[in-house]
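The values are calculated or read from the model by the stated rules, or taken from the named source; none is laboratory data. Because the structure is a prediction, the values reported are computed rather than measured. Counting neighbours? That spans all protein chains shown, and the Cβs are built from the backbone with ideal geometry, glycine included.
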Amino acid sequence: MHPALIFSIPNLLNFLSLEAMMTTETVCKPVTTAAAWRGDEIKAGEEWIYHLSPEQVEELEDLGARFVEVDPDLRFVQASEYPLTACANAVEAWGRDVDTGRGFVLVRGLRTHLYSDALSSAIYYILGLHMGDPIRQNEMGDLIDHIYATSDKTMDDPTALSSKVRDKLVYHSDSSDIVALMCLRPAKEGGASCLVSGAEIYNEILRRRPDLAPLLLEPFHWDWRRQDHNAPANTYTSPVISIEEGVFSMYAGSLYILTAQEYPGVPKLTDAQKEVLALFDEITYEPGMAIDMDFRPGDIQWLSNYAALHSRTEFFDHPEPQRKRHLLRLWLSRDAGRPVVEGFGKNGVVQVREKPREGVDDEVIGKFHVADAAVPRMIS
């Protein structure tokens with residue numbers, strides 16, 4: 001072999017190593033936008049709470065009453081049919097907070113203690129139409145779903161549905177651009193909503209283990225069956241982190257990555273992947289990282305699934321069904337021009353509101369009118 005060629009091999013290897021390192025450093029940079037925050041810092045103020053004015057509340061109550069009376073099909077009704085005037089600038093501000101700000105906002109001031117659940121749901125759905133486009137939350141086609149405990153199962157039970165139990169939830173992302181919660185009635189005790197910045201978790205991983213951070217950009221298998229017992233497949237795939245055109249997004253929830261390992265044919269996690277997922281969870285639960293909030297009746301929380309992860313503390317209910325903790329949930333698709341890598345999150349497998357999955361007869365099982373949709377399904 002020619003001496004020059006022998007000399008060039010280590011140089012080539014060094015060059016390739018350097019190139020790989022430079023690529024990693026280019027991608028794995030700390031996030032410095034408003035989406036990177038610590039809970040103990042932002043909870044010191046109330047910039048994240050929007051208080052509705054009496055004029056705004058009156059507008060929403062009037063529109064909601066008309067919605068209940070007209071009773072449109074939730075699959076096809078458009079925001080333009082229920083235009084906002086007093087609330088228009090507020091909705092724009094909430095959108096900015098969600099898209100390019102801290103990633104969430106809490107809206108307060110609705111008088112749900114005076115409303116029927118149908119009127120509350122109508123007001124909520126109207127606002128949802130102006131914030132995005134509702135998508136189906138399960139294979140039954142529900143557009144308004146309910147966080148309402150119908151079971152004493154814990155999340156250790158593989159048949160437990162997180163929205164139907166009182167157990168605490170680990171931090172995770174939902175299957176939409178925006179997840180929104182409206183409080184009809186809080187729990188007797190507990191049930192705090194907890195949020196944590198995905199960008200700040202990532203920044204901490206970069207500080208402590210920059211060698212592991214790039215693994216989060218690789219696809220993982222996620223347990224679809226456990227999230228929806230009627231899912232058409234056991235798993236779907238997505239990376240935890242998307243960095244596209246310099247925009248950071250996160251889709252997380254290690255529980256569903258770990259339980260996906262139980263299905264045949266799913267590649268086993270490497271030791272390094274297990275290590276970075278464990279570090280991710282460790283940082284998430286460190287004191288000061290998260291912000292927690294106790295929902296009041298009428299509160300609405302708008303949350304970007306790309307910016308913040310959410311969880312819930314365990315709660316205890318009143319014995320009367322009409323006094324039990326009851327939240328409404330919307331999943332919204334929002335066209336904010338956010339670039340994400342192909343196949344990111346669960347957006348690729350959920351269904352738009354107008355059309356069910358092929359072979360599903362939603363006319364039989366769907367709840368597409370507000371009075372019906374305002375009542376939770378009694379499934380466990």
When the residues of the range 187-202 are narrowed to those that are under 20 Å from the mean Cα position of the chain (by Cα) and not small (Gly, Ala, Ser), which ends up farthest from HIS113 (Cα to Cα)? TYR202
Can you tell me which of HIS113, HIS130 is in contact with a Pro (Cβ under 6 Å, 6 or more places away or on another chain), of a type outside the set (Lys, Arg) and surrounded by fewer than 21 Cβ atoms within 10 Å (Cβ to Cβ)? HIS113
Would you be able to say whether some residue in the range 218-233 is touching a residue at least 40 places away in the same chain (Cβ under 8 Å), assigned to a loop (DSSP other than H, G, I, E, B), basic (Lys, Arg) and surrounded by 15 or more Cβ atoms within 10 Å (Cβ to Cβ)? yes
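Here is a check on your reading of the model: is LEU16 modelled with pLDDT under 95 and not hydroxyl-bearing (Ser, Thr, Tyr)?
Yes: the conditions hold for LEU16.
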For the range 88-135, name all the residues that are farther than 20 Å from SER249 by Cα, in contact with a strand residue (DSSP E or B) (Cβ under 8 Å, 6 or more places away or on another chain) and part of a helix (DSSP H, G or I). ALA90, ALA93, THR112, ASP117, SER120, SER121, TYR124, TYR125, LEU127, GLY128
May I ask you to say which residue of PHE368, PHE315 is surrounded by 15 or more Cβ atoms within 10 Å (Cβ to Cβ), of a type in the set (Phe, Trp, Tyr) and touching a strand residue (DSSP E or B) at 6+ places or on another chain (Cβ under 8 Å)? PHE315
Filter the range 187-215 for residues that are among the charged types (D, E, K, R) and more than 17 Å from MET289 (Cβ to Cβ); which is surrounded by the most Cβ atoms within 10 Å (Cβ to Cβ)? LYS188
Go through the residues of the range 276-291 one by one and say whether even a single one is in contact with a Ser or Thr (Cβ under 7 Å, 6 or more places away or on another chain), at pLDDT 95 or above, within 25 Å of ASN234 (Cβ to Cβ) and crowded, with 20+ Cβ neighbours inside 10 Å. yes
Across the range 152-171, which residue is surrounded by the most Cβ atoms within 10 Å (Cβ to Cβ) among those that are touching a strand residue (DSSP E or B) at 6+ places or on another chain (Cβ under 6 Å) and among the small types (Gly, Ala, Ser)? SER163
Subset of the range 308-336, residues of a type outside the set (A, V, I, L, M, F, W, C) and assigned to a strand (DSSP E or B), comes to HIS310, SER311, ARG312, HIS326, ARG329, SER333
Which one is modelled with the lowest pLDDT, of the residues in the range 344-363 that are touching a strand residue (DSSP E or B) at 6+ places or on another chain (Cβ under 9 Å) and surrounded by 15 or more Cβ atoms within 10 Å (Cβ to Cβ)? ASN347
